[in-house]
There are 4 protein chains.
Amino acid sequence: MVEKIIIDTDPGQDDALAILLALASPELEVLGIVAAAGNVPLSLTTVNIRKVCELAGRSDVKVFAGCSQPMAGPLVTAEYVHGATGMDGADLPDPTMRLQEQHGVDFIIDTLMREPAGTVTVCTLGPMTNLGQAITKAPEIATRIKRVVLMGGGCFEGGNITPAAEFNIYVDPEAAAVVFASGAPIVVMPLDVTHKTLTTRPRVEAFKAIGGQLAEVLVGWLDYFERFDVAKYGSDGGPLHDPNVIAYLLKPELYSGRHCNVEIEVNSPLTRGMTVTDWWGVTDRPKNATFIRDVDADGFYALLTERLSRLRR
Amino acid sequence: MVEKIIIDTDPGQDDALAILLALASPELEVLGIVAAAGNVPLSLTTVNIRKVCELAGRSDVKVFAGCSQPMAGPLVTAEYVHGATGMDGADLPDPTMRLQEQHGVDFIIDTLMREPAGTVTVCTLGPMTNLGQAITKAPEIATRIKRVVLMGGGCFEGGNITPAAEFNIYVDPEAAAVVFASGAPIVVMPLDVTHKTLTTRPRVEAFKAIGGQLAEVLVGWLDYFERFDVAKYGSDGGPLHDPNVIAYLLKPELYSGRHCNVEIEVNSPLTRGMTVTDWWGVTDRPKNATFIRDVDADGFYALLTERLSRLRR
Amino acid sequence: MVEKIIIDTDPGQDDALAILLALASPELEVLGIVAAAGNVPLSLTTVNIRKVCELAGRSDVKVFAGCSQPMAGPLVTAEYVHGATGMDGADLPDPTMRLQEQHGVDFIIDTLMREPAGTVTVCTLGPMTNLGQAITKAPEIATRIKRVVLMGGGCFEGGNITPAAEFNIYVDPEAAAVVFASGAPIVVMPLDVTHKTLTTRPRVEAFKAIGGQLAEVLVGWLDYFERFDVAKYGSDGGPLHDPNVIAYLLKPELYSGRHCNVEIEVNSPLTRGMTVTDWWGVTDRPKNATFIRDVDADGFYALLTERLSRLRR
Amino acid sequence: MVEKIIIDTDPGQDDALAILLALASPELEVLGIVAAAGNVPLSLTTVNIRKVCELAGRSDVKVFAGCSQPMAGPLVTAEYVHGATGMDGADLPDPTMRLQEQHGVDFIIDTLMREPAGTVTVCTLGPMTNLGQAITKAPEIATRIKRVVLMGGGCFEGGNITPAAEFNIYVDPEAAAVVFASGAPIVVMPLDVTHKTLTTRPRVEAFKAIGGQLAEVLVGWLDYFERFDVAKYGSDGGPLHDPNVIAYLLKPELYSGRHCNVEIEVNSPLTRGMTVTDWWGVTDRPKNATFIRDVDADGFYALLTERLSRLRR
Ligand SMILES: [Ca+2]
Ligand SMILES: [Ca+2]
Ligand SMILES: [Ca+2]
Ligand SMILES: [Ca+2]
C-alpha cells in the first residue's frame, strides 16, 4: 500500500537527493513538501525545493513555505557546508512552478486533520520548526501522525556543529523538544547512521553511470558537498544524511536501532541541541523514539542509485 | 484618533473587566479578541470571552480561539484563584454568538499584515503563546505592531506563582522571550503596578453604585477574585491586574515607568519565567521595553468606574 | 554573656566599620578575622583587616588569609565602588601586626570543632568562599555553628551587580549554595535592609563629632564610599551594608524579618547569584533562613556612633 | 628517573588494582594516597586504601582522609557496582596501619608547595573533590602540578551513570570544572579507553596464574566487579577503569589520544557531569586536556599482570 508522506526540508544537496528518492519511489505519495529554514534561509530553500521537483519532472508537487526563524531566536545557517545557494555544485534553472499560498504550518495541520488518523508520515530533513509550530498550534495532530521520521541528532557520534549537538537539532532545539514530547511515534536517523553512508568514489561512480543531465547534477552536488566533511574527518567521502530518512520508509530492513528515551537539551549553552539518548536504559524516562544506530550502507546506496536512475529522462 | 487593538486574553475576572473597559471606550476599536490558555483551559476562555462580549451587548465582536498549550510544554492553570470556570462569582448565560473559524494566531498575523504598519496595538492579558507563535510563524509582523501592552512580570514585587515568576510569564516563558526579542515596542504592566490597584471596599462600592445587572456581576466577580490575594497578602482588596493594560491606552498619564532592558528567564528551574529587569541600568543589554512601576490608583478606578457605567443598560 | 564570633570579611569601607563596631562592643569576643577575596583581591583584604585592627588599637586580634578565588572560577572585584585599595578615602599606615600562618579555612574548622557546639557565630561580610570551603572540607562543622549572620542577597530590592544578584552572592554562588544547604542556622542581611541605612549628612556629621583621627578616617571613608550609590540611585547617602551584621548581634530588636526558604541560583547566566526568597510561602521548600527586611535605621546609626566613639583615643 | 605521584582514590576494586600497580612499579614513588568519597562513602574508602596497602606489604605508605562530600551537595555512591564495602569479592583483614592526621586536601597542597614545581603528578581515580578543593584553597598549586592524570568522563562512549555523564565526574562536576579550568596539564582516561580494557576470561586466567593469596583476591574482586557491566552491556568481561591511569605513567606508548578542549557541564540537570569534548575542533575554546581514546588492551593487561606478580609473597 502506498504511504502518504509530508516532507519538511531545507535543501541542501543531501535533502535534494532525499526528495528525488521519494519522488522516484512508487511506494510513497508525496502530499506536499514544506520548506524549512536551516542550511540556508527560507528564501532559498523555497526555491531549491522547486528546482529539485522540476529536475524530477514533477512540477505538480505542492510546495509550501514554512517558518523563516526558529521558535526561540535567530537562525543559524551552514553555507560553509552547502555553499551560498544551499545546493552549490550544479546549476539548475530557476523554477517556473509556483509556491502554494498556504503557510506550511497550516498545510501540515490541515493535512493531518483531513486524512485518516495514523495514515500520514512526516519526514523532517532539517530543523523541526514547522512541525514544532504545528503541534503547538494544534496539539491534536500529534496522535494523528503515523510516524515522524527525522534526520537529526547523534549519540555515540556526538555532534557536528558543536561537540554535543547535531546541526538540525541545534538550530531549533525548542521545536525538537516539542516534537519529542508530543506523543507522536518517532524514528531518529542520527549522525551515527549517516556517518556510515559515505560518498565513496565507487558510489559516486555508480551515480555517474546513470548518465544524462541527472547524473551530472548528482555528481556535481556530491563533489561539492563532501569537501567539508572529508577535510574535517579525513574520511573517504562525505556523509549523505537525509536520503536515509526516505530509504528507511522503503527498506526498513537496512536499518537497526533501539526503542529508547531521547530528550532534547534546550537549557545549557554548552550542550544546547544535544539529543540525550538513553541507549543503555540507565534512566526511568519513558521510551519515546526508535533511535537508529546501524545501516547496511551498500544496500542503501544500491537502493538510492536504482531509484534515482528511474528519474533519468 | 481611534486606536485599533487586538486583545489576547484568558478570562479571568480581571480580564473580563479589561475587555469591558475596552468595549466601553470610544477611543478604542477592538478588531478582535483572541482566547489564550492560562487561568483556565482554552475550552473555557473561548466561552468566557463571548459571555463578556454579550454582557456588554457586543455580540458583533470577532472572537478567535488561539493555542491550547504553551510553546514548550503542558499548561499550568490557576483555578485556585479564579474558580473552576475562570469567572466564578457571577452566573452569565451561555453565549449565543459564534467563534470565528480562523485560528487566533492567523488572525493576528493577517490583521497586522493587512492594516497599515504601526497602527495596531496588541494587548496581552494572559500567557503570550498566541503572539509568540504568530511572530515565530511570520516574523515580519513584529515591526508592524504599533506596540505590545502586556500584563505580566514583576520587578521589585517579585513573582506570585513562584518567588521569582509572575503567572502569565511563567506559563509560557518561551513565548514571552520571543516577544521581548522581537523588536516590537513593548509596555509592561507588572505586579509592581497591579498590586497598587487593589479592590478596596470604597472602590467596590463605587462599582455597586452603577446599579443594574452589570453591577451585580462586577461585584460578584470582585468578591470572588479578591479572596485569594487578601488571604495571601493580608491586603485590603485584591490586585485588579488586567484592566491596567487598557487604562494605559486611555490615560497613559496615570502611569510612570522607565525604558529599560527586560529579559525572560527560560532556562533555570528555580527562576523560570522571571522578567529580569535592568531598572538601574547595570548591564549593557539593549533597552527593549517600557517597564511601568507606578500608577495613580484612584485615577485608575475613577476611569474604570466611569467607563463601565456606560455599559449599563 | 559574651558571644564568640568569627568575622569573614573583604574590606571594603563598610566592612571596616563593621569590624570596628565588633571590636568596640564588649558583648562580642572576636576569635579571629578571616580575609576573603571580594571587593578587592585577597592580597589587599589581608592588609586592610590589619590596618583596621591597628586603628582600633587591637593588634592582638588573630587575622587569617582565606581563599584567593571563588569556588567555581575567577574573582570579580568592585574597585569601582571601593577604590583601588578597597578602603580609599583615608590613609592608614601599613600594618605591623602579622598574619597568622594557618589558612583561614582551617581556622574556621578548628575553632568550630574546638569550641562547644552552638557557641560560635560566623559573620560573613563578603563572598562566602571560606565558609563554603570549610563546610565542604569538614561538613560536621555545619551543625556546630551557633548561627551564620551574613550580608548578602536581596529580595524586593533585587540585585546590585546584576539586575538579579547582589555582589557578595554573585561573586561565589557555589559557596553560598553550600552554606544555605548546610543546615546551619542562617540570618540574611540583604540589600532590602542595607539600602535603608543610608549615610545621610546628619549621620555623617554624628561620626565627625566623635573627633580625633578616628573621626577623620570614618568620614573620609564614607565620603568616598557613598559616591557610587548616590550617583546610581540619586539617594541621600550610600547604603552602609556590613555593620548591620554586627548590629544585629548587639541589638536584634532593631531588625524584623521572616523565616523562609532561600535558594541560591547557580545555573542560569541571567540570574546567577540571585537569592531566590520565598517570602510569601508559595513553595513547599524548607525554611532555611531568617530573611531580614526592615531596620530601625536611626537606632542602627545611634548604636554605631556610640560604639565607635569608644574607640577614640 | 622516578616519578613522584599522589593517588586520590575511592576504592573500588579497580582502584585497588591501580594502587597495587603503582606500589609494584619502581618507576613511581607514591608520596601519599588520599581517600575520596565516591564508589562508597569516605568512611569505607579510608579503610579500603589501607587494606590494599597492607595486601601489598606496604604499611609504610601515607594515607590521608579527604572530603566526605562533593563541593556542591550530597554524595552519590555506587554500591550496586562495587558491593556494600566497595571492594566486595575478597575478604581482607582490617588494616592495622593508621591514617595520617593531616587532611588530604592539605597534604595535596603542602606536597605541591614543598616539592619542586613540575615534579609531582596527581592521579585521581574517583570524584575530584579533593583536588578541586585544594586548588580552590591554594590556587598557586595548579601550575606546580606536573600533570593530572584522571579516570573520568567519556566522549564517543557517552556516560554510564546517566546517558551523558560518567560516574566520577557526575558525582562532583564542580570539582572537575575547577580542575579543568585550573591551567594544570591534564590527561583524561575516559570510558572510551576503559571500555576497551575488559576483564576477559584469558586475562582473568592470567591473574589467577600469579598464584598465592594475591591471585585469589584479584580474581575474587574481578569476578564480583564485572557482573554489573557484563549484565548491562553483554560484554565479555567488565571494564577495568582505574589501572589505566597508572599504566599510562608507566607505558604511555600503549595509549593514543588528542589534545583538545574539554568542558564540564555543571548547569543542566539533563547533562550534568558530562565531559563535553571538542574532539573535532569545532569550537574556538582553548585546548586544556589530552583526551585518550585508544589503548593497546593486551599490552595493558600484560603490564598489569607482570607488575602485580611482583607483589606475590
Ligand atoms: Ca537537511
Ligand atoms: Ca489574564
Ligand atoms: Ca564586604
Ligand atoms: Ca575509582
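Return the long-range amide H neighbours of D:Val149 (sequence gap of 5 or more, or a different chain), with a cut-off of under 5 Å between placed amide H atoms. Amide H neighbours of D:Val149: D:Val122, D:Cys123, D:Thr124, D:Val187.
Here the stretch C:3-308 carries DSSP beta bridges of which approximately 25% are antiparallel, counting only pairs with both residues inside. Between A:Ala209 and A:Asp60, the modelled label-to-label distance comes to 3.2 nm, taking each label 7 Å out from Cα in the direction of the beta carbon.
Once the Cα gyration tensor of the stretch B:3-308 is found, what semi-axes does its equivalent ellipsoid get, as square roots of 5 times the eigenvalues, in whole Å, sorted largest first? Display every interim value, and only then the final one.
Numbers: eigenvalues 136, 104, 69 Å².
Those come to 26, 23, 19 Å.
Placing unit charges on the Cβ atoms of the charged side chains and taking the dipole of the stretch D:187-313 about its Cα centre, the candidate lying farthest along the positive direction among D:Val282, D:Trp221, D:Cys260 is D:Trp221.
Placing a label point 7 Å from Cα along the Cα-to-Cβ direction at B:Tyr233 gives distances to the equivalent points in the other copies of 2.3, 5.9, 5.9 nm, listed shortest first. Computed 3J(HN,Hα) for the stretch D:282-291, one whole-Hz value per residue from the Karplus formula 6.51 cos²θ - 1.76 cosθ + 1.60 where θ = phi - 60°, is 8, 10, 9, 5, x, 6, 10, 7, 9, 9, glycine and proline marked x.
In debye, nearest 20, what is the charge dipole magnitude of chain C about its Cα centre with +1 on Lys and Arg Cβ and -1 on Asp and Glu Cβ, if you could check? Write out the running numbers ahead of the final one.
Values: 27 positive and 39 negative charges, 97 e Å.
That gives chain C a dipole magnitude of about 460 debye.
Each residue of the stretch A:233-241 is assigned a 3J(HN,Hα), and the resulting list reads 9, x, 8, 8, x, x, x, 8, 5 Hz, derived from the Karplus form 6.51 cos²θ - 1.76 cosθ + 1.60 (θ = phi - 60°), x at Gly and Pro.
Would you mind giving the three semi-axes, in whole Å and largest first, of the ellipsoid equivalent to the stretch B:166-313 according to its Cα gyration tensor? Mind dumping the intermediate values first?
Details: eigenvalues 200, 60, 36 Å².
In descending order the semi-axes read 32, 17, 13 Å.
Taken along its principal axes, the alpha carbon cloud of the stretch C:50-96 reaches lengths of 37, 25, 13 Å, longest axis first.
Taken over the stretch A:105-219, the alpha-carbon convex hull comes to 137 cubic angstrom per residue.
Rounded to the nearest 20 Debye, what is the dipole magnitude of the protein assembly as shown about its Cα centre when Lys and Arg each give +1 and Asp and Glu each give -1 at the C-beta?
Values: 108 positive and 156 negative charges, 2 e Å.
About 0 debye.
Around the amide H of B:Lys4, modelled in the peptide plane, lie the amide H atoms of B:Glu29, B:Thr121, all under 5 Å away and 5 or more residues distant in sequence or on another chain.
Kirkwood analysis of the stretch C:20-151, using all unique Cα-Cα pairs, places the hydrodynamic radius at 15.4 Å.
Among the protein heavy atoms of the stretch B:3-308, carbon and sulfur supply 50% of the accessible surface, probe 1.4 Å, non-protein parts ignored. Under the combined filter of DSSP loop state and at most 12 neighbouring Cβ atoms within 10 Å, the stretch B:203-311 retains none of its trypsin sites (Lys or Arg not before Pro).
Take A:Ala117, move 7 Å from Cα toward the beta carbon, and the resulting point lies 4.5, 6.1, 7.1 nm from the same point in each other copy, nearest first. Report, in listed order, any pair from D:Lys146/D:Lys208; B:Lys232/C:Lys196; C:Lys51/D:Lys137; A:Lys137/B:Lys196; A:Lys137/A:Lys287 with a Cα-Cα distance greater than 30 Å. Cα-Cα > 30 Å for D:Lys146/D:Lys208; A:Lys137/B:Lys196; rest within.
Under a 5 Å amide H cut-off, with hydrogens placed 1.01 Å from N, B:Val63 pairs with B:Ile33, B:Gln100 among residues at least 5 apart or on other chains. Remark: spin-label model distance C:Glu216-C:Met97 equals 2.2 nm, labels positioned 7 Å along the Cα→Cβ axis. Keeping every protein chain present and rolling a 1.4 Å probe, give me the accessible area per residue for the stretch D:3-308 in Å². Averaged over the residues of the stretch D:3-308, the accessible area is 31 Å².
For the protein assembly as shown, the convex hull drawn through the C-alpha positions has a volume of 175 cubic angstrom per residue. Histogrammed with a bin width of 5 Å, the alpha carbon distances of the stretch B:205-274 distribute as 3, 12, 12, 14, 19, 18, 10, 7, 4, 1 percent, first bin at zero. In this assembly of identical copies, the label point of C:Leu99 (Cα plus 7 Å along Cα-to-Cβ) is separated from its counterparts by 2.9, 6.7, 7.0 nm, sorted shortest first.
Restricting attention to the stretch A:87-192, which trypsin sites (Lys or Arg not before Pro) occupy a DSSP loop and are surrounded by at most 12 other Cβ atoms within 10 Å? Each step should come with its number before you reach the end.
Numbers: sites: A:Arg98, A:Arg114, A:Lys137, A:Arg144, A:Lys146, A:Arg147; in loops: A:Arg98.
Sites meeting the loop and neighbour criteria: A:Arg98.
Nearest 100 Å² is fine: what is the total accessible surface buried where chains D and C meet, probe 1.4 Å? Kindly include the intermediate steps, with their values, before the conclusion.
Details: alone 12040 and 12050 Å², together 22750 Å².
Approximately 1300 Å² gets buried when D meets C.
The rotation axis that maps chain A onto chain B passes nearest to the beta carbon of this chain A residue, listed with its distance in whole angstrom: A:Asn267, 2. Charging the Cβ of each Asp and Glu at -1 and of each Lys and Arg at +1, and nothing else, the dipole of the stretch A:67-175 about its Cα centre rounds to 460 debye.
Could you estimate the translational diffusion coefficient of the stretch D:4-71 from the Stokes-Einstein equation, with Rh from the Kirkwood formula over C-alpha pairs, at 4 °C and 1.567 mPa s, in whole µm²/s? Don't jump to the answer; show the numbers that get you there.
Values: Rh = 11.7 Å.
Translational D for this selection: 110 µm²/s.
In order along the stretch B:122-136, the Karplus-derived 3J(HN,Hα) couplings, from 6.51 cos²θ - 1.76 cosθ + 1.60 at θ = phi - 60°, round to 10, 9, 10, 10, x, x, 8, 3, 5, 5, x, 5, 4, 5, 5 Hz, and Gly and Pro are given as x.
The values are calculated or read from the model by the stated rules, or taken from the named source; none is laboratory data. Worth saying up front: this structure is predicted, and the values here are computed from it rather than measured. A quick note on method: Cβ atoms are made from the backbone with ideal geometry, for glycine too, and the neighbour counts reach across all protein chains shown. In case anyone asks, the SASA skips ligands and DNA or RNA and just uses the protein heavy atoms, side chains included. Shrake-Rupley method; radii C 1.70, N 1.55, O 1.52, S 1.80 Å.
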